[in-house]
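Asker: Before we start, here is the structure in question, set down as structure tokens.
The values are calculated or read from the model by the stated rules, or taken from the named source; none is laboratory data. Please read all numbers here as calculations on a predicted model, not as lab measurements. Positions of Cβ are generated from backbone atoms using ideal geometry, with glycine treated the same way; all protein chains shown enter the neighbour counts. Keep in mind that these areas ignore ligands, DNA and RNA; they rest on the heavy atoms of the full protein, side chains included. Shrake-Rupley method; radii C 1.70, N 1.55, O 1.52, S 1.80 Å.
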Amino acid sequence: MKLTLKVWRQPGPDAPGRLVGYPVDDLTPDMSFLELLDVLNQRLILAGEDPVAFDHDCREGICGACGVVVNGRPHGPQRATTACQLHLRAFRDGDTITVEPWRAGAFPIVRDLVVDRGALDRIVQAGGYVTAPTGSAPDAHAVPVPKADADTAFEAAACIGCGACVAACPNGSAMLFTAAKATHLGVLPQGQPERATRAESMLAAHDELGFGGCTNTGECTAACPKGIPLTTIARLNHDILRA
Amino acid sequence: MAITGALLFLYVVAHALANLKIFFGPDALDGYGHWLRTLAQPAFGYGGLLWVARAVLLAALVLHVTAAAQLARRARKARPVGYAHRATVQGSYPARTMRWGGVLLLLFVVYHVLDITTGTLNPHGVPGEDYRNVVADFQRWPVVVAYTAAILALGLHLWHGVWSALQSLGSTLAARRAARIAALAASVSICAAFLSVPFAVLTGVLR
Ligand code: HEM
Ligand code: SF4
Ligand code: FES
């Protein structure tokens, strides 16, 4: 299998960047998208060129480190799939693929495809936790939680903080991430007391960090590798109205 | 955004319903226009309350457009460098037409006021003779085409706008789930009501 990559190359945060074309052959459809970048980098290194910098860690879709925009879609064309879990069978032999970093003012480019997603941590630091020390994990049934609430919390807690929602949003908003991080606490008993103030301070931090305003376009949910639903944002709005 | 939008939405609903009076003849429509002006006449004078309503609507419109401009400016700052490869829309189409569709609606409202309210651009253009003015308009097919395009833009705008406002202000999760369908039903009904008039004129039902 042969693919042509057009990769965003940018040597540093303030250096100008551009798309550079690289034909890559001898690929197999069962390689992951990150393995494609590995193969490219091996060849670049052998040719004495700088390898393409990209983020990755677990390579099994659970850490949130990876993330590139493939043909305009964060994490590539396959729904609910991280870039590391995307396989080359999603493309056709001979395709040309454009690979760009997450584009957001709040995510400055470090190098090539690597961006600094620290702004997402700032949002969590603004209130995405339970203030009171709650000790070690309680016995499974010590605190009763209705099944529906547990399911909602778990659905939101599946957010891996990858930032694809921001990359996909035409407004550059991080509302889906913020809503997920507020919801996985807000619907559980331990998170109830600070539910409204948490939502309020997290949104304030979100706006201050320069993320755009949400207009419910739904691009975030479509791009989210964990399928966090848009109703999560509605719940955040509801909490904010109560604050 | 949601609050000024809700006000404009209520106005559009009232307007769509009022337009249907045209099917009850010239007296019903012209009489309605006259009645609007005599509302609370002792307190506000002839047409006084109408001017109050116009002021409120204009204020709502200005705030609505201001909020939209602020959102657009924030969005531009939030993504200073765009993507080289722009993907097709994965989310909602109506949502993506809010800004340019809104500008289109604004242009239409200006034309509409010059046409119907002041009579400047109306082929008949006699104040108080709303029925004759409307019929004279829609006997020309280019007016019907432009009008239909504007109403369809309005439908898309309301579909996403009403739904999105319910997402932001919504109370229960069940209400939010129902919101998408409710917003669609409201937009389709409003479009149907507005479009019934030009097509009734075009087909000779109203003359
Ligand atoms: C079948 C469709 C429509 C017809 C026949 C129609 C007709 C009219 C008439 C007769 C008036 C003047 C009422 C009076 O002063 O007695 C009016 C006012 C107005 N219409 Fe429409 N209209 C239609 C659709 C729309 C739509 C879709 C919009 C906005 C999105 C709109 C916006 C307005 C506004 C803002 C005014 C108030 C102007 C003012 O009084 O200052 N109209 N229309
Ligand atoms: S909400 Fe989805 S897309 Fe956004 S950071 Fe979490 S996992 Fe990634
Ligand atoms: S590398 Fe961990 S999610 Fe892709």
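Asker: For region B:64-116, what % of the accessible area comes from carbon and sulfur atoms, probe 1.4 Å?
Answerer: 67
Asker: Right, something else. In region A:57-81, which residues become less accessible by 10 Å² or more once every protein chain is in place, relative to the chain on its own, using a 1.4 Å probe?
Answerer: For region A:57-81, once contacts with the other chains are taken into account, A:V69, A:N71, A:G72, A:R73, A:R79 lose 10 Å² or more.
Asker: Right, something else. Is the shape of region B:9-83 best called rounded, prolate or oblate, per the rule: a/c under 1.5 gives rounded, else a/b larger than b/c gives prolate, else oblate, with a ≥ b ≥ c the square roots of the Cα gyration tensor eigenvalues? Numbers along the way, then the final one.
Answerer: Working: a/c = 6.21, a/b = 2.25, b/c = 2.76.
Oblate.
Asker: Measure nothing fancy, just the Cα-based angle from helix B:26-38's long axis to the longest principal axis of chain B, in degrees from 0 to 90, nearest 10.
Answerer: 70
Asker: Using protein chains only (no ligands, no nucleic acids) and a 1.4 Å probe, work out which residues of region A:188-222 have their accessible area cut by at least 50 Å² relative to the chain alone.
Answerer: A:T215, A:N216, A:T217, A:E219
Asker: Work out the mean other chain Cβ neighbour count within 10 Å for the residues of B:70-78 and drop it here as an integer.
Answerer: 6
Asker: Taking a probe of 1.4 Å and counting only protein heavy atoms, give the total accessible area buried between chains A and B in Å², rounded to the nearest 100.
Answerer: 2700
Asker: So if the hydrodynamic radius of region A:3-111 is defined as the Kirkwood radius over C-alpha pairs, what does Stokes-Einstein give as its diffusion coefficient at 20 °C and 1.002 mPa s, in µm² per second?
Answerer: D, rounded to a whole number, is 150 µm²/s.
Asker: Under the √(5λ) rule applied to the eigenvalues of the Cα gyration tensor, what semi-axes describe the equivalent ellipsoid of region A:118-242? Give them in Å, descending. Intermediate values should be presented prior to the final figure.
Answerer: Details: eigenvalues 118, 50, 32 Å².
For region A:118-242, the ellipsoid semi-axes come out as 24, 16, 13 Å.
Asker: Need one number: the % of Cα-Cα pairs in chain A sitting beyond the 35 Å mark.
Answerer: 21
Asker: I'd like the carbon and sulfur percentage of the solvent accessible area for chain A, probe radius 1.4 Å, heavy atoms only, ligands and nucleic acids excluded.
Answerer: Exposed carbon and sulfur together represent 53 percent of the surface.
Asker: Rank A:V110, A:L176, A:V124 by how far each Cα sits towards the positive end of the charge dipole of region A:104-193 (+1 on Lys, Arg Cβ; -1 on Asp, Glu Cβ) and give me just the farthest.
Answerer: It is A:V110, whose Cα lies furthest towards the positive end.
Asker: Here is a follow-up. Could you tell me the center-to-center distance, by alpha carbons, between region B:174-198 and region A:127-186 in angstrom?
Answerer: Their Cα centres are 34 Å away from one another.
Asker: What whole-number value in Å² describes the accessible area per residue of region B:50-159 for a 1.4 Å probe?
Answerer: Dividing the accessible area of region B:50-159 by its residue count gives 59 Å².
Asker: For the protein assembly as shown, max minus min Cα coordinate along each principal axis, in Å, sorted largest first?
Answerer: For the protein assembly as shown, the Cα spread along each principal axis is 84, 57, 37 Å.
Asker: Quote to one decimal, in nm, the extra length available between A:Q192 and A:A137 on full extension: 0.36 nm per residue of separation minus the C-alpha distance between them.
Answerer: Length difference between fully extended and current span is 18.1 nm.
Asker: Enumerate the whole-percent occupancy of each 5 Å bin, from 0 to the last occupied one, for all C-alpha pair distances of region A:1-51.
Answerer: 5, 18, 26, 25, 15, 7, 3, 0
Asker: Send over a whole-number figure in Å² for the accessible area per residue of chain A, probe 1.4 Å.
Answerer: On a per-residue basis, chain A sits at 43 Å².
Asker: Towards the positive end of the charge dipole of chain B, with charges on Cβ (+1 Lys, Arg; -1 Asp, Glu), say which of B:V201, B:L10, B:T38 has the farthest Cα.
Answerer: Checking the options against the dipole of chain B, the answer is B:L10.
Asker: Cut-off 10 angstrom, C-alpha nodes, Gaussian network model of chain B. Which of B:V110, B:V144, B:V65 fluctuates the most?
Answerer: Result for chain B, Cα springs under 10 Å: B:V110 fluctuates most.
Asker: Treating only the Cβ atoms of Lys and Arg (+1) and Asp and Glu (-1) as charged, compute the dipole magnitude of region A:3-111 about its Cα centre; round to the nearest 20 debye.
Answerer: Details: 11 positive and 14 negative charges, 86 e Å.
That gives region A:3-111 a dipole magnitude of about 420 debye.
Asker: Let me know the mean shielding of B:87-97 by other chains, meaning the per-residue number of their Cβ atoms within 10 Å of its Cβ.
Answerer: Counting Cβ atoms of other protein chains within 10 Å of each residue's Cβ and averaging gives 6.
Asker: Follow-up. For chain A, modelled as a GNM with alpha-carbon contacts under 10 angstrom, which of A:V166, A:V143, A:V52 fluctuates the most?
Answerer: Answer for the Gaussian network model of chain A: A:V143.
Asker: Ok, one more. Would you count, across the protein assembly as shown, every pair of lysines whose alpha carbons are under 30 angstrom apart, provided the pair is eight or more residues apart or spans two chains?
Answerer: Value for the protein assembly as shown: 8.
Asker: Quick one, what does Rg over Rh come out to for region B:88-157 if you take C-alpha atoms and the Kirkwood Rh?
Answerer: 1.11
Asker: Toward the positive end of the charge dipole of the protein assembly as shown, about the Cα centre and with charges on Cβ (Lys, Arg +1; Asp, Glu -1), which of A:F91, B:H157, B:A53 goes farthest?
Answerer: It is B:A53, whose Cα lies furthest towards the positive end.
Asker: Where the centre of each part is set by its Cα atoms, how far does region A:48-71 sit from region A:214-243, in angstrom?
Answerer: 26
Asker: Taking 7 Å along the Cα-to-C-beta vector as the label spot, tell me the A:A157-A:C63 distance in nanometres, rounded to one decimal.
Answerer: Modelled inter-label distance: 2.2 nm.
Asker: Right, next: For a test of the definition: using alpha carbon positions, the gyration tensor, and the 1.5 limit on a/c, classify chain B as rounded, prolate or oblate.
Answerer: In terms of gyration-tensor shape, prolate.
Asker: Starting from the Cα-Cα distance between A:I45 and A:Q125, subtract it from 0.36 nm times their residue separation and give me the gain in nm to one decimal.
Answerer: Length gained, A:I45 through A:Q125: 24.9 nm.
Asker: A further question on this structure: Work out, step by step, the length gained on full extension between B:L50 and B:H34: first 0.36 nm times the residue separation, then minus their alpha carbon distance; give nm to one decimal.
Answerer: The span from B:L50 to B:H34 would gain 4.7 nm if fully extended.
Asker: Still on this model: B:A192 versus B:Q41, label points 7 Å from Cα toward the beta carbon: distance in nm?
Answerer: Rounded to a tenth, the inter-label distance reads 3.7 nm.
Asker: Moving on. For region B:144-207, count the residues as N, evaluate 2.2 N^0.38 Å, and divide the Cα radius of gyration by that value, please. Write out the running numbers ahead of the final one.
Answerer: Details: Rg = 14.9 Å, N = 64, 2.2 N^0.38 = 10.7 Å.
With N residues counted in region B:144-207, Rg over 2.2 N^0.38 Å equals 1.39.
Asker: Taking each residue of A:159-169 in turn, how many C-beta atoms of other protein chains fall within 10 Å of its C-beta, and what is the average?
Answerer: Taking the mean over all residues of the peptide, I get 1.
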